[in-house]
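To start, the structure under review is shown below, and the notes come after it.
The values are calculated or read from the model by the stated rules, or taken from the named source; none is laboratory data. As the structure is a computational prediction, the values presented were derived from the model and not from experiment. Ideal geometry is used to build each Cβ from the backbone, glycine not excepted, and the neighbour counts take in all protein chains shown. What goes into the accessible areas is simple: the full protein's heavy atoms, side chains included, and nothing from ligands, DNA or RNA. Shrake-Rupley method; radii C 1.70, N 1.55, O 1.52, S 1.80 Å.
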Amino acid sequence: MRIDLISIFPEFFDALDLSLIGRAQEDGLLDVRRHQLRDYAADRHRTVDSPPAGGGAGMVMKPEPWALALESVLSSRAAGTRPTLIIPTPSGEVLSQSLAHEFAAHEHLVFAPGRFEGIDERVAAWAEDHFEVRRVSIGDYVLNGGEAAVVVMVEAIARLVPGVIGNAESLTEESHADGLLEYPVYTKPADWRGLHVPEVLLSGDHARVSDWRRQKSEERTQRLRPDLWARRA
Ligand code: JFT
């Protein structure tokens, strides 16, 4: 999978070189490319923002640097392909595990995280001619810009690309895969500071263990996430 990240803070994405996603890049499963939006500005001050049309507080991102940066990505894409452009915005569709799965099946994702009061709306309109454009939010709280949201989205999506997670079982057993929360987990020692690992987990009876885990997952989901329980698979 190819991933392009365009931002005035490309260093924000250094965290993606760590751990699982970093290994997947070394293994050639992921090709992550960062771009400095200011490299596509027209003036010597490398200006990317401008006052909002209609007035009001703050600044808005100018459309032309975005178009030039996106055109540069398009010129380096696989011939005849239509990449998906993901624009983080508080007003987008909210990221879910099923949306992450959908994006993980795409061959080329381009992320356009902005700053200030947002990106001139015409960038998304113009991009429709070249990309599948998606406006996505990571949840109902306010960030100062799209970069932190992109780190979250890339981590959620990239780990679903075949081969990125070595043990495919850990994908099917995890939280949200079946609409249930995780069961509690323990390790050695069996008695730690007077707190004990549940006896069933030491029994060696795999059927009892899996029944217990399913029961704990269901209890937790009903108690902590009645919204998930109502819509479970
Ligand atoms: C916030 C954001 C997401 C997501 C992109 C851009 C500017 C600051 C801002 C905040 C409130 C209203 C602008 C962004 C997000 C989320 C994404 C931008 N801002 N207007 N905030 N919260 N879940 N994705 Cl561009």
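Overview of values
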| read-out | value |
| --- | --- |
| Candidate set from segment 47-77 (those that are assigned to a loop (DSSP other than H, G, I, E, B) and closer than 18 Å to Leu5 by Cβ); member that is nearest to the ligand (Cβ to nearest atom) | Val48 |
| In segment 2-57, the residues that are open to solvent by less than 30 Å² (accessible area, probe 1.4 Å), more than 28 Å from Glu117 (Cα to Cα) and out of contact with any strand residue (DSSP E or B) (no Cβ under 7 Å at 6 or more places or on another chain) | Ile21, Gly22, Ala24 |
| Pick from segment 109-123, criterion within 11 Å of the ligand (Cβ to nearest atom) and within 11 Å of Ile86 (Cβ to Cβ), ranking: surrounded by the most Cβ atoms within 10 Å (Cβ to Cβ) | Ala112 |
| Test: residue in segment 3-17 that is of a type in the set (S, T, N, Q), touching a Pro at 6+ places or on another chain (Cβ under 7 Å) and within 26 Å of Ser76 (Cα to Cα) | yes |
| For Glu93: the one exception among (1) touching a strand residue (DSSP E or B) at 6+ places or on another chain (Cβ under 7 Å); (2) of a type in the set (Asp, Glu); (3) farther than 14 Å from Ala149 by Cβ | (3) |
| Helices (runs of 4 or more DSSP H) enclosed by segment 146-233 - at least 3 residues per element that are in contact (Cβ under 8 Å) with a residue 60 or more places away in the chain and either open to solvent by 80 Å² or more (accessible area, probe 1.4 Å) or not hydroxyl-bearing (Ser, Thr, Tyr) (or both) | 147-158 |
| Hey, Gly92 out of contact with any Lys or Arg (no Cβ under 8 Å at 6 or more places or on another chain) and surrounded by fewer than 18 Cβ atoms within 10 Å (Cβ to Cβ) or not | no |
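Per-residue answers, yes or no, for (1) in a loop (DSSP other than H, G, I, E, B); (2) farther than 22 Å from Met1 by Cα:
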site	(1), (2)
Thr81	yes, no
Leu85	no, no
Phe103	no, no
Arg115	yes, yes
Val123	no, yes
Trp126	no, yes
